[in-house]
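Report on the structure given below.
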Amino acid sequence: MPGNLCEHCVGMCCRYLALPIETPEDREEFDDIRWYLLHEGVSVFVEDGDWYIYFAADCRHLQPDYRCGIYQTRPRICRQYTTENCDYHSGEYGWEQHFTCPEHLDKHVREFFADERRRRTKPSSTAKRPRVKARRPAKPIRGRPGPTTDIAGRPLPRLGVKR
């Protein structure tokens, strides 16, 4: 791109903020993220395995010509921003996932927990677990006591029943 990159600036870096969030691990944590996505201008993305919440919000000092109205006293995060990581220049983001609505997240959650179930049920190739044959406990017949031993043959405690 010829000339100074800032000559082409449309203030993309001044139109949002993104903050790291905890990586969700259970349904309740995913539901919290779903709540975020119910709000206008909010999305969630995953980059390099880290989760972020994204708020579409213009900086109040962004001028109509896309220049900074407080350039001399701008915050440290703005001073550290360079054309090397410019949003205009970089084009596509390297996001692994980008959730812009609850439906996008719901699809991911279904796949996430399906994969987790497969991982848990997949037998380990290094250690074979002994197979345990489950048997159904004897069903008590009306008027007769139920089983007196557990599945391994150990005696069950007798509980007194008040009538």
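The values are calculated or read from the model by the stated rules, or taken from the named source; none is laboratory data. Here the structure is a predicted model, which means the values were calculated and not measured. Methodologically, a virtual Cβ is constructed for each residue, glycine included, from the backbone with ideal geometry; neighbour enumeration extends over all protein chains shown.
Would you be able to say whether some residue in the stretch 35-52 is over 30 Å from residue 110 (Cα atoms) and surrounded by 11 or more Cβ atoms within 10 Å (Cβ to Cβ)?
Filtering the stretch 35-52 down to residues over 30 Å from residue 110 (Cα atoms) leaves none.
No, every residue in the stretch 35-52 fails to be over 30 Å from residue 110 (Cα atoms) and surrounded by 11 or more Cβ atoms within 10 Å (Cβ to Cβ).
Let's see how each residue does on (1) more than 23 Å from residue 10 (Cβ to Cβ); (2) modelled with pLDDT under 90; (3) not in a helix (DSSP H, G or I):
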position	(1), (2), (3)
45	no, no, yes
55	no, no, yes
66	no, yes, yes
72	no, no, no
89	no, yes, no
93	no, yes, yes
103	yes, no, no
106	yes, no, no
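With respect to the numbered conditions (1) in a helix (DSSP H, G or I); (2) more than 30 Å from residue 109 (Cα to Cα); (3) in contact with a strand residue (DSSP E or B) (Cβ under 9 Å, 6 or more places away or on another chain), which one is the sole condition not fulfilled by residue 7?
Single failed check for residue 7: (3).
Please state which of the following conditions residue 50 fails to meet, knowing it meets all the rest: (1) at pLDDT below 90; (2) closer than 18 Å to residue 98 by Cβ.
(1)
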